[in-house]
Every structure is written in C-alpha cells, then in structure tokens.
1. Within a Cβ distance under 11 Å of L175, other residues only, what is the Lys/Arg minus Asp/Glu net charge?
2. So how do D245, D419 line up by other beta-carbon neighbours within 10 Å, fewest first?
3. Pairs to check: K164/K208; K127/K290; K212/K277. Give those whose C-alpha atoms are more than 26 Å from each other in this structure.
4. Using modelled backbone amide H atoms (1.01 Å from N, in-plane), which distant-in-sequence or interchain residues come within less than 5 Å of T152's amide H?
5. Would you please give the FRET efficiency between F151 and K332, computed as 1/(1 + (r/R0)^6) with r the Cβ-Cβ distance and R0 = 35 Å, to the nearest 0.05?
6. Would you please give the FRET efficiency between K304 and N361, computed as 1/(1 + (r/R0)^6) with r the Cβ-Cβ distance and R0 = 51 Å, to the nearest 0.05?
7. What is the gain in length, in nm to one decimal, between E270 and A289 on full extension, counting 0.36 nm per residue of separation less the C-alpha to C-alpha distance?
8. Using R₀ = 41 Å, calculate the FRET efficiency as 1/(1 + (r/R₀)^6) where r is the Cβ-Cβ separation of R219 and K383; round to 0.05.
Amino acid sequence: MNTKSKKWMIILIGGSILMISLLMILENRGEIFSSNKNTVYDNTEDINSELDMEENTVEEKNEPEDESTNKGDIIEDAGKDFSPGKPVEPSIEEDIPSLAEVFSDYFSIGAAIEPGHTTGLIAELYKKHVNMLVAENSMKPEAIQPTEGNFTWGAADRLVQFAKENGMELRFHTLVWHNQTPDWFFRDNEGKPMIEETDPKKREENKKLLLKRLEEHIRAVVSRYKDDIKSWDVVNEVIEPSDPDGMRNSPWYQITGTEFIETAFRTAREAGGNDIKLYINDYGTDAPAKRDYLYNLVKEMLEKGVPIDGVGHQTHIDIFSPPVSRIIESMKKFAGLGLDNIVTELDMSIYAWNNRSDYGNNIPEHIFDTQARRYQELFEAFKENKDIISAVVFWGITDKYSWLNGFPVRRTNAPLLFDRNYHAKPSFWAVIGSSEPKQ
Ligand code: GLA
C-alpha cells in the first residue's frame, strides 16, 4: 500500500469510528428520551403529589397570617380553608355569632344530625348554632321498624334526649317515604311483592293490609314522640312530574293510589292531636311543573279535610340554580292556601346538578365566593318572607359529613356553612349578613 492509500485508509477508518460513536450517542439520547416518555405519567403523578404536599404545608404555614390580615373580606378568604385532608385540628369558633341567635326574630335555624354526633366537638357546633334538629336517618321507616312489629327506638330516642337537654326543637323526618322503607311493608301475607298481584280481589286485600301497616307504624311513632316533637314530615317525595298524573309511581302509589297520603295525615292527626304540625315534604318544589302538581294535590287534600299544615321544601340546590325568586314564588303559592313553609333540607352543592366532576383538594376560590353570594341572596329573601317561613333547616352542619360527598358520585363537595374543620366559611358570614370581624 502506497502512502497515499494508507492516508485514505486512516481517514476512512477514523471517519467510520467517528460516525459509529456519533450514532451511538444519538441512540443513547433517544433511549433516554423514550424511557422518559414511558415513565412520564408516573413521574408526573409522583411530582404532583409531592407538590401537593408542599403546597399544603405552605398553605398551612401561611394560614394564621392570612387569617389575621384578610378577615372581613369574604372574597379574599374564600377557598382558603376548605381543602379536605388539611392537617388542621377541627375546633369550635366560640367568638363568632350564633346562627340561631342572629335569626331569632325571623325563623328557627335547624340542622340534620346523626346520633353519633350528639357527643364530642361536633355536638358543640350544633349547640352553638342551631335551635332545631332533624334526624338525618334515625327516624326513617327502616330505622324505626326494620321488621314488622319490631320497633327500634334507640337512635331516635337519643336524638330526642339530646334536643331536650339542649333546649332545641326537633323535627320528625319522615313517617312515609318510598326510600329507606323496608320491603316487608309491600309484601302480602305469603311474602309475595304486592305490586306483582294481578287479581283485583287480592289487590284490594293488599291495599287494606298496606294501609293497616301504615296506620300502625304512624300510631306507634306519633304516640311515642308527640309531646317532644311538634313538626312532622308525614309524607316525603310523592310528586314526580314524569310519572303518570305527576304522582311518583312508588309501591305506595301503585298499591293504594293517593290513599296512603290521606291515611298518613289523618292517622298522624288522630294520634298526635292538633298541637303537632303536619308537612308534606319534597325536593325541587320551586320547579313550576312539580310545584303545580304538588299544589293541586295539596289543595285537593285540604278540600277533602285532610289535615296538612305546611309544605317542606327540601331545597337541595346548587351554586348555579334555581333562581332564588322561584323558591320564594313557590312558598308564596302554598302560603296562599293558608299553609306554613319550612326549608327542610337546605344545602348548596358547588357543582351544577348534571356535573359529575370533582375538585378534590383544589376547590377554586371563586366557587366559595359564588356560594357565599348566593347564600346571602337566599337568606335575604327568606328574611323578607319570614311571615310565610317558620324554619330553615340545613341538611347537616359541616361540609365534612354532608351526604353530597357521596351523591351523585363520591367526590369532595362543600355545600354547607361550616368547613371540614368546623370553621365558618365565607357563606356563613354572608348568611348572617355581616363580614368577619377584624382582629
Ligand atoms: C332526601 C331525603 C332525606 C335524605 C336526603 C339525602 O332529601 O328526604 O331524608 O335522605 O334525600 O340524604
């Protein structure tokens, strides 16, 4: 090989080595990229959760400072305190006004309660802010008579006792409902579901049997509590605009028509006398179609002498709808029949009714702001109409235990006036028509 060829050989070999090295480097980088890509989802999750933890710590650290500087401004305070899982100890804010006292010239303020909440810190929250209670579950048919003739009073008695000890009124919820009512009510003596019966004679017998069971249930309950409880939900949710005649097509209705409603009210009156007040309770009573079905039913019942004293408006609303004016309009309509109105299950979801999403730990501030403004508007309207509203009852007291954390899907909701640490939210301050005192 001559010198020229040798030179070329060296250049070729050197070039190849260089090319190969370059290729290897590039390939390695590619591997690094692609492996990053493969793990990007997991990594992001890890990083995010670390960031969340950091954010929570920072938030917690800043909190006392924020509280002392931002009090008085519901908008700036909004959204700050309410993330679930924040490592802040629940406590009762002793120095804030009592809701019940603030509204003492207007109407009673109530809240739904479970027997387990009659002791401990949460019991103190009820004692401070409400002068009326209602059993969230303990007085429903399945809780009181789980099997025929077997009455279980323990949980209900505990609530009666707690209300008495603390000078609170108690509402009864509910004598009749299609949910949380044991199946035995609707089975014939052979154990067959009454709704399946096709023989007219047997259907008639079933109807009698069901109405007899209803009467026995109501007599037992009303005689036991008539001296302790003045305000009674007699029937719950019997209207359903999309069912025939606007009547909910429940087993009660399928087996007895509207007779169960009539029997329930008459039996309650007989057992409890004129001192107890009897309500027909429903949700969505502001919606014109539903309201009018309810109105027509109640009017017809009153004309027949059925003893109905008032309408319970559940008022499970959300931060977007319905308009407050519609809620009041409906109450006025029933007042026109000489009836009382009670807001029986008030809460305000932070999600629109058809939304299934979940803010988790990050409920935006503007949501709390919107909620506060709407609660304020609602209570201003209630106050203006105090003559036709005898009580406003919340469905629970703190966001922590609201049923809306599990309905319609499991998620974080914040529909009430107190947060997960039992502290007053912007909505609380909006409701009492005041701003948080400066410190
Ligand atoms: C309805 C019932 C209440 C309660 C709520 C959800 O509004 O009237 O008893 O079950 O649903 O908690």
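Readers should treat all values here as calculations from the given coordinates under stated rules, not as data from a laboratory. Everything numeric in this text was worked out from a predicted model, so none of it was measured. Virtual Cβ from ideal backbone geometry, glycine too; neighbours counted across all protein chains shown.
1. Numbers: positive: K140, R219; negative: E215, D233.
Net of charged neighbours comes to 0.
2. Numbers: D245 15, D419 25.
Fewest to most other Cβ atoms nearby, the residues stand as D245, D419.
3. On the way: K164/K208 37 Å; K127/K290 35 Å; K212/K277 22 Å.
Beyond 26 Å: K164/K208; K127/K290.
4. Q145
5. Efficiency, rounded to the nearest 0.05: 0.30.
6. Working: r = 54 Å, r/R0 = 1.06.
E(calc), rounded to 0.05, equals 0.40.
7. On the way: separation 19, 0.36 × 19 = 6.84 nm, distance 3.23 nm.
The E270-A289 span can extend by a further 3.6 nm.
8. On the way: r = 39 Å, r/R0 = 0.94.
After rounding to 0.05, the efficiency reads 0.60.
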